[in-house]
Each structure stands twice: as C-alpha cells, then as structure tokens.
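Q: My questions all concern the structure below.
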Amino acid sequence: MVGGWRITTPEGSERLEPKLVTATELDGPYDLILLTVKAGCLEAALQDLKPAVGPRTAIVPFLNGIDHLDVIDTQFPSAVLGAVVKVAAQLTPDGAITVSAPGVSLEIGELDGGHTTRLRDTAAALDVAGFDVQVSDRILTSMWHKWVFIATTTTITRLAQGTIGDVAAVSGGKGFADAVLAEAAAVSGAAGHPLPDPTPPRWRCRPP
C-alpha cells in the first residue's frame with residue numbers, strides 16, 4: 001500500500017497511512033479484529049489470523065450474508081460478533097476509496113442478543129467521527145434483512161441487465177421486482193427473520 005489510503009467523501013479528502021503487519025509478523029492476541037475479506041478468501045484469512053486470536057478477542061466480520069458466522073465460529077468459538085455495515089463506496093481505478101454519499105453506519109451485536117462488556121467495548125472503539133455506530137439485540141435479523149436487500153437488487157439488475165429504474169419503467173417490471181423480493185423475503189422469514197413490512201429496506205443502491 002505505497003502512499004497509504006486515499007479516501008474521498010462528500011466532505012473532502014484525506015490520506016491515511018495505517019500501520020501494517022503481515023501474517024507472519026503477528027506476535028500475540030489482539031482485542032479486536034475487523035475482518036473485511038470476500039467470502040472466497042475467508043478460510044485463508046482465518047488461518048492467517050490464528051496468532052492474533054486469543055480467549056478475549058472479538059472478531060467483527062464486514063461480510064455480506066450469514067454463512068460466514070458459522071465458518072468463523074468453527075475456527076474461533078464464541079469470538080465472532082454480528083455486524084451490518086451500510087456505506088456507498090467504491091475503489092476507483094487510481095486506487096482511491098470514494099464514498100459517494102453521507103450516512104455511513106455500523107450495527108453490531110452479540111449473536112444471542114446479549115449485552116456484554118466486550119460488545120460495549122467494541123462499540124466504543126468503533127465509535128469514531130464519520131460513523132454512526134449502533135448496538136443491536138437483533139443483529140441476526142439485521143443481517144438477514146440486508147441479505148434480502150442485496151439478493152433482491154442483485155437478482156433484479158443482473159437478470160434484467162439494467163438498473164432498478166430501468167426495470168420499474170417497463171411494463172411488468174414492478175411485478176417482476178415484487179416477485180423477486182417476495183422470494184428473498186420468504187427465505188428470510190423461513191429462517192426466523194421476517195421483514196417488518198412488504199417493502200424492502202430503503203438503502204441506497206448503485207446500478208451494476
């Protein structure tokens with residue numbers, strides 16, 4: 001990461017130079033680990049993390065979906081917290097991270113809904129300028145509902161080869177979108193996390 005991270009937001013730009021170590025340089029347990037890999041890299045990342053995880057380590061994964069919770073728990077029992085991140089950002093070709101809208105938020109919680117000391121400490125550590133941090137006693141529900149949003153919007157835009165607006169503008173488009181949402185909502189409901197109403201969460205989405 002030569003030159004650090006360049007981050008551009010609606011409020012301005014900044015350059016960050018984080019202190020980095022490789023997997024071979026991890027020399028003891030950390031209090032908090034933010035896991036930010038794609039699902040296909042999860043297993044390898046967990047192997048790299050082993051020296052950094054101790055009995056009091058909290059792992060907060062910023063991955064979409066649900067399955068990664070079981071994968072992490074298999075390697076590090078009881079270490080993982082649930083998390084939902086909402087941010088409109090992308091990596092530009094020149095290597096900058098561009099946040100295109102305000103309102104970055106992070107919701108975290110114990111998987112069993114408990115209010116623990118490590119949860120409070122983690123929330124305090126992550127409560128920094130620019131982030132709205134919330135502690136939830138229903139974090140699995142929030143994770144499932146984000147999955148419904150992603151599964152619905154991705155299926156609609158990929159199958160239709162257009163944006164949500166393009167789909168809504170054509171005959172039958174709304175019916176198609178409603179059917180996709182109903183299918184995803186049924187899966188979430190069957191898992192014990194029904195949507196509170198028939199409309200999807202109002203999260204900002206970008207076209208493919």
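The values are calculated or read from the model by the stated rules, or taken from the named source; none is laboratory data. None of the values given here were measured: they were computed from a predicted structure. In this analysis, Cβ positions are derived from the backbone assuming ideal geometry, glycine residues included, and neighbour counts consider all displayed protein chains. We work out accessible area using only protein heavy atoms, side chains counted, and drop any ligands, DNA or RNA first. Shrake-Rupley method; radii C 1.70, N 1.55, O 1.52, S 1.80 Å.
Q: Please tell me if Arg15 is in a strand (DSSP E or B), open to solvent by 30 Å² or more (accessible area, probe 1.4 Å) and under 23 Å from Leu126 (Cα atoms). Spell out the reasoning first.
A: On the way: in a strand (DSSP E or B): yes; open to solvent by 30 Å² or more (accessible area, probe 1.4 Å): yes; under 23 Å from Leu126 (Cα atoms): yes.
The answer is yes for Arg15.
Residue-by-condition table, conditions (1) more than 23 Å from Val84 (Cβ to Cβ); (2) of a type outside the set (A, V, I, L, M, F, W, C):
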site	(1), (2)
Leu32	no, no
Lys38	no, yes
Glu43	no, yes
Gln47	yes, yes
Val53	no, no
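Q: Just checking, does region 158-178 include any residue being under 22 Å from Leu63 (Cα atoms) and open to solvent by 60 Å² or more (accessible area, probe 1.4 Å)?
A: Yes, the conditions are met somewhere in region 158-178.
Q: Another one. Taking region 145-185, which residues are among the polar types (S, T, N, Q) and either farther than 17 Å from Lys86 by Cβ or touching a Ser or Thr at 6+ places or on another chain (Cβ under 9 Å) (or both)? Steps first, please.
A: At the first step, the residues of region 145-185 found to be among the polar types (S, T, N, Q) are 152-155, 157, 161, 163, 171.
Selection gives Thr155, Thr157, Gln161, Thr163, Ser171.
Q: Further, regarding this structure: Criterion first (at pLDDT below 90, under 30 Å from Ala58 (Cα atoms) and not hydroxyl-bearing (Ser, Thr, Tyr)) does Ala151 satisfy it? Reasoning before the result, please.
A: Details: at pLDDT below 90: no; under 30 Å from Ala58 (Cα atoms): yes; not hydroxyl-bearing (Ser, Thr, Tyr): yes.
Considered against the rule, which asks whether it is at pLDDT below 90, under 30 Å from Ala58 (Cα atoms) and not hydroxyl-bearing (Ser, Thr, Tyr), Ala151 comes out as no.
Q: Consider region 96-136. How many of its residues are β-branched (Val, Ile, Thr) and free of Cβ contacts under 8 Å to residues at least 60 places away in the same chain?
A: Total satisfying the criteria: 7.
Q: Residue check, Ala88 against (1) modelled with pLDDT of 90 or more; (2) open to solvent by less than 80 Å² (accessible area, probe 1.4 Å), all met but one. Which one?
A: So the condition that Ala88 fails would be (1).
Q: Suppose we keep only residues that are open to solvent by 30 Å² or more (accessible area, probe 1.4 Å) and not in a helix (DSSP H, G or I) within region 54-77. Which one would you say is nearest to Glu107 (Cα to Cα)? Spell out how you get there, then give the answer.
A: The initial filter retains those residues of region 54-77 that are open to solvent by 30 Å² or more (accessible area, probe 1.4 Å), namely 55-56, 62, 64, 66-67, 70-71, 73-75, 77.
Keeping just the survivors that are not in a helix (DSSP H, G or I) gives 55-56, 62, 64, 66-67, 77.
Details: Pro55: 23, Arg56: 21, Phe62: 10, Asn64: 13, Ile66: 15, Asp67: 18, Pro77: 21 Å.
Restricting to residues being open to solvent by 30 Å² or more (accessible area, probe 1.4 Å) and not in a helix (DSSP H, G or I), the top hit is Phe62.
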